[in-house]
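The values are calculated or read from the model by the stated rules, or taken from the named source; none is laboratory data. The model shown is predicted, which means the values in this text are computed figures rather than measured ones. All Cβ positions, glycine included, derive from the backbone under ideal geometry; neighbour counts span all protein chains shown. The protein model used for the area step is the full one, side chains on, heavy atoms only, and it has no ligands, DNA or RNA in it. Shrake-Rupley method; radii C 1.70, N 1.55, O 1.52, S 1.80 Å.
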Amino acid sequence: MEQLLEVRDLKKYFKTPRGMLHAVDGVNFSIPKGKTLGVVGESGCGKSTLGRVIVHLLDATDGTILYQGQDITHLNKGQMKEIRKDMQMIFQDPFSSLNPRMTVAESIEEPLKNYRICASRDELSQRVSEIMETVGLAERLAGSYPHELDGGRRQRIGIARALALGPKFIVCDEPVSALDVSIQAQILNLMMYLQEEKGLTYLFITHDLSVVKHISDEIVVMYLGNVVEKSSTQELFEEQLHPYTKALLSAIPSVDIHNRSQRIAMKGEITSPIDPKPGCRFAPRCPHATPQCFSAAPALTEVRPGHFVACHLCK
Ligand code: SF4
């Protein structure tokens, strides 16, 4: 299957007064065209930083980003301009990602004007109407401002802006976490419909495993900048191999009272991501940790076809 995006040993470190913060530390994965890779983990695991590095909102410290086989890791702003049409981002908080002084129509027009996509004012208006219809925004809202709309409609504007330039790849950074549960389902359905219609490829970042289950083909689980488990969505939900993934999944509330698994509490201190010590970063919280875990970091290893785990216990 053709890979649209590949990241190889990608790193993003930040200099802090206390040392180097390893936000993303040697991440590897690829996403086939038209598929969705979910990236999950607790807040602070580096998942949002990863998304921002991929779309060049942040520079990579090291590693390689391949887009359609082309190394885009060190392209400058001018070189990225053409590729940016293909690679878009949907943000978590639609309210803060939209300009409060722009109407719905003006927000959608902005990327089209920046790239001079339309030859005339009429063509621009026509294109904005089409995009609004695609994302389920009524035409009567064209002159409304973000504060006059609810969270679901605001996120539809965010999606409309991301779609305006006809992208192939979208990084979705917690796109439904600021929304009510009923609206979350509408936005997820819209995103799945658009993927089917337009052949989009998504990197879907979330802390919410029940959300990612619906939309992802594969899932990557991150812990303090590292990938600790990667597999197809179906296999990951049937059997988790890494102790951290098991704990994360045990925290999902189940409506089936006969099939509720025991919640695994994560005790112990979280390792500092600043100049982290050698060994497994999950060791201080892991109920199965051995002395080896505190001295040697486990490599991400394929333990079954397509199922990768970074744990000394899984070989
Ligand atoms: Fe736990 Fe050791 Fe596996 Fe890390 S390597 S998850 S500490 S058993």
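Side notes on the structure shown:
Yes/no per residue for (1) touching a residue at least 60 places away in the same chain (Cβ under 8 Å); (2) touching a Cys at 6+ places or on another chain (Cβ under 9 Å); (3) open to solvent by 30 Å² or more (accessible area, probe 1.4 Å):
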site	(1), (2), (3)
13	no, no, yes
19	yes, no, no
26	yes, no, no
32	yes, no, no
42	yes, no, yes
45	yes, no, no
50	yes, no, no
59	no, no, yes
62	no, no, yes
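- Residue that is surrounded by the most Cβ atoms within 10 Å (Cβ to Cβ), among those in the stretch 259-315 that are closer than 24 Å to residue 44 by Cβ and basic (Lys, Arg): 281
- Of all the numbered requirements in (1) within 16 Å of the ligand (Cβ to nearest atom); (2) in a helix (DSSP H, G or I); (3) without any contact (Cβ under 8 Å) to a residue 40 or more places away in the chain, residue 240 misses one, and that requirement is (2).
- Residue match in the stretch 218-230 (condition: over 27 Å from residue 6 (Cβ atoms), in contact with a Cys (Cβ under 7 Å, 6 or more places away or on another chain), within 15 Å of the ligand (Cβ to nearest atom) and not in a strand (DSSP E or B)): no
- Of the set (1) out of contact with any helix residue (DSSP H, G or I) (no Cβ under 6 Å at 6 or more places or on another chain); (2) more than 13 Å from the ligand (Cβ to nearest atom); (3) under 23 Å from residue 231 (Cβ atoms), all apply to residue 265 but (3).
- Looking across the stretch 200-217, the residues that are modelled with pLDDT of 95 or more and open to solvent by 10 Å² or more (accessible area, probe 1.4 Å) come down to 216, 217.
- Top-ranked residue of the stretch 279-300 - restricted to ones that are within 8 Å of the ligand (Cβ to nearest atom) and among the polar types (S, T, N, Q), ranked as farthest from residue 242 (Cα to Cα): 292
- Scope the stretch 142-155; condition closer than 12 Å to residue 108 by Cα and without any contact (Cβ under 8 Å) to a residue 40 or more places away in the chain; matching residues: 142
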